[in-house]
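The values are calculated or read from the model by the stated rules, or taken from the named source; none is laboratory data. Note that this is a predicted model, so its numbers are computed, not measured. Cβ sites come from the backbone with ideal geometry, for glycine too, and all protein chains shown count toward neighbours. Surface areas here come from the heavy atoms of the whole protein model, side chains and all, with no ligands, DNA or RNA. Shrake-Rupley method; radii C 1.70, N 1.55, O 1.52, S 1.80 Å.
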Amino acid sequence: MNNQPEQINPDFEDIMDQAYSLPNGRAKIALLEEAIRIADSLGDVEQGYSAREELVETCTFSGHPMKALVAFSWLLGQFDQQPEEYDDFTLLWSYKWILDSIASFPEVSRAQIDELLVDMRKRYEQFGYSERSYYYYRFSLLKDYGEVEEAQQFLNKTKAMDRDEMSDCEACEQHQFVEFEVMKGNDEQIIRTARPILKGRMTCGEVPHLTLSKVLMPLYRQGKLEEAEKYQKQGYRLIKGNRDFVLHSGEHMYYLLNIDLLQALEVFEQWVGLSLDHENPRDKMMFNAYAAVLFKRLVADGNVTSVKLPAGYPYPEEANDLPAIASRLEQMALETAGRLDQRNGNSYYTTLIQQL
């Protein structure tokens, strides 16, 4: 790649080895960022590329989508300069992770998101892949915008096409279909769509983790409490402590506040620290929205008067003022919802939160 003789930087290699030995999370990200700093300081593009590839995946699956986006943009620029030097499959596969979270950032316009999607389509076509992933992510983005009818059209196009090497795994796709049914609000259809996952016929690294919290309220509303309790316990074990699942911890909390307020409060106390600097605004928004409902219920119930807040919580004085914390959490959720709705051109998220 470089005209200069190959040099091994022992610090870089040692740091990368340490990073590979760690699970996804802040410690691994810190090591990868240090490896990138060393590579960049030496002008070693190949090492910088390698470390950023690992950083994109690590950040994607540990609740740091903005860091992933920044690193991915660098990779894309470098790839375009010397495409013959890098692995195109890994880069194109990573592109989907970026599109998965990009609509969560209200400061990114729809025009900018469309440019990314069109660019992904062009690159997939260039390397011989079908348009199925383009239609699938068009469906997914429209779903994220809250546009049901338009999303349905692209979902139909997706399902009419054969899968290819760039298709998400079948479990991930099925989870997306479950999310879409949640958006449409038909409890029976939600559970029916989730059945292949609930029965263990579809699994992957993030499924059923993502899916189990989606069926809790539909099962609760249908009176299937024993089944809901089973999936709540199973799902919570799978996500506990992983900041990538802040949104889903909120869904567990929202279900539990209908069953046992103290259990729901315990979930809040376990996850609020992870939510504070979470990089995904939409996931954080929904966590705050569910938590606001919890604190309103606690106030109405009257049996709890304080909450354990983590070090670094910006309003520690609210630990003994539950009405204040409920109001602030709701305000923060609605502020993000308003920004997303303004970008999207509708009132989907504001309405969603107000109807909780």
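Select from the range 75-109 the residues that are within 19 Å of the chain's Cα centre (by Cα) and exposed (fewer than 14 other Cβ atoms within 10 Å of the Cβ) and list them in ascending order.
GLU107, SER109
Can ARG132 be described as open to solvent by less than 50 Å² (accessible area, probe 1.4 Å), basic (Lys, Arg) and in contact with a Lys or Arg (Cβ under 8 Å, 6 or more places away or on another chain)?
Criteria met by ARG132.
Taking the range 154-192, which residues are out of contact with any helix residue (DSSP H, G or I) (no Cβ under 8 Å at 6 or more places or on another chain) and among the polar types (S, T, N, Q)?
Those that are out of contact with any helix residue (DSSP H, G or I) (no Cβ under 8 Å at 6 or more places or on another chain) and among the polar types (S, T, N, Q): ASN156, ASN186.
Taking ARG138 as meeting all but one of (1) open to solvent by less than 50 Å² (accessible area, probe 1.4 Å); (2) more than 28 Å from PRO208 (Cβ to Cβ); (3) of a type in the set (D, E, K, R); (4) free of Cβ contacts under 8 Å to residues at least 24 places away in the same chain, write down the number of the exception.
Just one mismatch for ARG138, condition (2).
Is it true that some residue in the range 62-74 is more than 15 Å from LEU141 (Cα to Cα), of a type outside the set (Val, Ile, Thr) and more than 19 Å from the chain's Cα centre (by Cα)?
Within the range 62-74, one or more residues are more than 15 Å from LEU141 (Cα to Cα), of a type outside the set (Val, Ile, Thr) and more than 19 Å from the chain's Cα centre (by Cα).
For the range 197-219, enumerate the residues that are surrounded by fewer than 17 Cβ atoms within 10 Å (Cβ to Cβ) and either assigned to a helix (DSSP H, G or I) or on the phi > 0 side of the Ramachandran plot (or both).
The one that is surrounded by fewer than 17 Cβ atoms within 10 Å (Cβ to Cβ) and either assigned to a helix (DSSP H, G or I) or on the phi > 0 side of the Ramachandran plot (or both): GLY200.
Looking at the range 108-135 only, could you name the residues that are out of contact with any helix residue (DSSP H, G or I) (no Cβ under 8 Å at 6 or more places or on another chain) and either within 26 Å of GLY63 (Cβ to Cβ) or not in a helix (DSSP H, G or I) (or both)? Even if it seems obvious, please write down each step before you answer.
At the first step, the residues of the range 108-135 found to be out of contact with any helix residue (DSSP H, G or I) (no Cβ under 8 Å at 6 or more places or on another chain) are 111-112, 114-115, 118-119, 122, 125-126, 128.
Across the range 108-135, the qualifying residues are GLN112, ASP114, GLU115, ASP119, GLY128.
Mind telling me which of the residues GLU173, GLU150, GLU165, GLU179 ends up being within 16 Å of LYS96 (Cα to Cα), under 23 Å from the mean Cα position of the chain (by Cα) and open to solvent by 40 Å² or more (accessible area, probe 1.4 Å)?
GLU165
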